[in-house]
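Take a look at the structure below.
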Amino acid sequence: MFGYVIANTGRLSQEEKEHYRACYCGLCKVLGSRHGILSRITLTYDMTFLVLLLSSVYSPDAGLKCTRCAVHPLCGCRYWQNEITYYAADMNVLLAYFNLLDDWNDDKNMLAYLGAKVLENSCRNVSYLYPEKFTAIKQCLSALSEIERSGELNPDIPANCFGELMGEIFVFRNDGHAQDLRKFGKALGKFIYIMDACLDLKADIKKERYNPMVSLSSEIFPEILNLLMADCVEKYKKLPVERDKNIIENVLYSGVWTRYEAAKAKKEKGRGRK
């Protein structure tokens with residue numbers, strides 16, 4: 001359900017691309033040092049967006065550095081980190097752990113089970129650092145699992161549940177920004193859940209898996225998604241975002257549609273062949 005909150009790099013300047021990549025690399029480096037090298041496999045650009053947005057709201061210092069790693073052994077890579085990078089790495093581990101457990105429980109996927117075991121100690125450590133986050137995320141995912149098992153066909157119900165989870169993730173501190181960040185995170189989470197359901201509908205029907213969009217016509221999917229993203233953008237506009245504003249808005253106005261547009265183009269290409 002992750003991998004949607006990405007930038008459309010084709011519409012970024014070279015400087016913006018490098019800054020965006022440096023944020024991703026900084027998060028990757030923290031994951032490796034904090035939770036072990038295998039945890040890097042779980043990294044998504046969704047958490048990179050979290051770092052960018054929260055860093056814009058709170059403006060912590062972040063110096064640019066250079067390093068070498070397995071992916072860039074010769075030329076090296078530039079990266080930047082701050083306190084929010086560490087927070088995002090910990091949230092990444094929690095989400096990855098519960099997602100792997102869900103895959104194991106649903107499909108008995110052995111790789112998912114082994115992945116969850118690898119992250120088990122890290123997840124436990126994060127639960128000590130952020131007990132309220134751990135409890136809230138676990139409760140949201142448990143409630144979402146119950147909703148999906150019940151076969152609920154009102155997509156607002158599971159989407160709201162996942163939205164609550166994302167709202168919790170976006171609250172970095174319980175301060176004056178918390179309420180607006182929670183509302184934004186919830187709106188973004190609802191969009192992500194419905195987008196994922198729209199794109200997975202065909203595969204879910206084939207494999208007889210739960211999908212709340214099954215009773216709706218695919219012709220209204222774009223309208224639903226546009227309404228959800230419009231609500232997300234309205235919530236975003238209430239945040240004091242200045243730093244990296246162009247990259248953040250690139251993600252919200254263009255990047256989040258990347259996978260949807262790719263799926264749409266693939267479908268139209270298939271029709272052309274027929």
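FYI, it's all coordinate maths here, none of it is from the lab. Just so it is clear, the model here is predicted, and its values are computed rather than measured. Counting neighbours? That spans all protein chains shown, and the Cβs are built from the backbone with ideal geometry, glycine included.
Net charge dipole, the stretch 129-242: roughly 220 debye, given to the nearest 20, about the Cα centre with Cβ charges of +1 for Lys and Arg and -1 for Asp and Glu. Around the Cα centre of the stretch 61-154, unit charges on the Cβ atoms of Lys, Arg, Asp and Glu (plus for the first two, minus for the last two) sum to a dipole of about 500 debye. Just going by the charge dipole of the stretch 106-153, with Lys and Arg at +1 and Asp and Glu at -1 on Cβ, which of Leu111, Ser122, Cys140 is farthest out on the positive end? Sorting the options by dipole projection puts first Ser122. When Rg and the Kirkwood Rh are both derived from Cα coordinates, the Rg/Rh ratio for the chain amounts to 0.96. Cβ crowding within 10 Å ranks Asp90, Asp244, Asp156 as Asp156, Asp244, Asp90, fewest other Cβ atoms first.
Panel order for Thr9, Thr135, by other beta carbons found within 10 Å of each beta carbon, from fewest to most: Thr135, Thr9. On full extension, the segment bounded by Arg243 and Arg21 gains 78.4 nm, given 0.36 nm per residue less the C-alpha separation. Using the Cα atoms of the stretch 8-55 to build a convex hull, what is its mean projected area in square nanometres? For the stretch 8-55, the mean projected area of the Cα convex hull comes to 3.6 nm².
Name the helices (complete DSSP H segments) of the chain with a Cα length along the long axis of 18 Å or more and a Kyte-Doolittle mean of at least 1.0, or state none. Span-like helices, by this rule, are 45-58.
For the chain, the Cβ-based charge dipole about the Cα centre amounts to some 940 debye (Lys, Arg positive; Asp, Glu negative; other atoms uncharged).
Ranking of Leu31, Leu239 by neighbouring Cβ atoms within 10 Å, starting from the fewest: Leu239, Leu31. Using the alpha carbons alone, the radius of gyration of the stretch 130-246 stands to its Kirkwood radius in an Rg to Rh ratio of 1.02. Ellipsoid semi-axes for the stretch 124-196, based on the Cα gyration tensor and the rule √(5λ), read 22, 16, 8 Å when sorted largest first. Using a cutoff of 8 angstrom between alpha carbon atoms and counting only pairs six or more residues apart, the relative contact order for the stretch 189-274 works out to 29 percent. In the stretch 104-248, taking the dipole from charged Cβ atoms about the Cα centre, the farthest positive-side position among Tyr236, Ser218, Pro158 is held by Tyr236. Pairs spanning more than 19 Å between alpha-carbon atoms, out of Lys108/Lys207; Lys17/Lys65; Lys29/Lys133; Lys186/Lys206: Lys29/Lys133; Lys186/Lys206.
Under 1.5 on a/c is rounded, so check that first for the stretch 59-131, then, if it is not, pick prolate when a/b is larger than b/c and oblate when it is not; a ≥ b ≥ c are the square roots of the alpha carbon gyration tensor eigenvalues. Because a/c hits 1.5 or more and a/b fails to exceed b/c, the stretch 59-131 counts as oblate. Among the GluC sites (Glu not before Pro) found in the stretch 166-274, those both in a DSSP coil and sparsely packed, with 16 or fewer other Cβ atoms within 10 Å of their Cβ, are Glu208, Glu242. Which of rounded, prolate or oblate describes the stretch 183-264 when judged by the alpha-carbon gyration tensor and an a/c cut-off of 1.5? Note, shape of the stretch 183-264 comes out prolate. In a Debye calculation with equal point scatterers on the alpha-carbon sites of the stretch 51-182 and no solvent, what is log10 I(q)/I(0) at q = 0.09, 0.15 Å⁻¹? Listed by q, the Debye log ratios stand at -0.35, -0.90.
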